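Below is one structure, written out as structure tokens; comments come after it.
Throughout, read-outs are computed from the coordinates displayed, never taken from laboratory work. Keep in mind it's a predicted model, so treat the numbers as computed, not measured.
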Amino acid sequence: MDDDPGYGGAHIIEVLGENTPDERLACMRRTGVSYIFAGEDGNDIELALKKLKKYFSVEKLLLEGGSEINGAFQRLGLIDELSLVVAPVTAGEGKPLFADAAMARFELVRTKTRPDGTLWLNYKKK
């Protein structure tokens with residue numbers, strides 16, 4: 001279970017390689033973290049998805065990876081929907097977009113839908 005705010009006590013399921021050390025598996029069992037094996041190195045995405053459905057009844061995933069994992073799913077044709085959420089805040093210290101900066105809030109002042117399907121959002125600092 002994940003006790004971090006915003007995760008609502010989510011059930012964590014790790015996708016691992018078959019060579020994962022027994023000590024790590026024991027630790028996961030002690031802490032209530034479920035796991036599945038997805039090939040030797042844990043990178044068999046299609047096998048992982050089959051196991052998630054079979055053992056945990058997972059029908060739909062929220063993919064929040066970086067470009068590498070997102071690209072791997074896209075190359076396999078596994079992304080069938082795209083939703084984007086834009087929040088008018090900048091993160092504080094330790095975040096790569098605005099390193100060593102205080103958090104700031106912004107308000108939406110202008111939007112423009114473009115012919116190519118993109119959306120321009122213009123925010124000003126509050």
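In table form, for the structure just shown:
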| quantity | calculated |
| --- | --- |
| Cα gyration tensor, the range 13-75 - rounded (a/c under 1.5), prolate or oblate | prolate |
| Nearby lysines by direct alpha-carbon distance to LYS60 (threshold 21 angstrom, same-chain neighbours under 8 apart not counted) | LYS50, LYS51 |
| Whichever lysines have a C-alpha closer than 22 Å to that of LYS124, once near sequence neighbours (fewer than 8 apart) are set aside | LYS95, LYS112 |
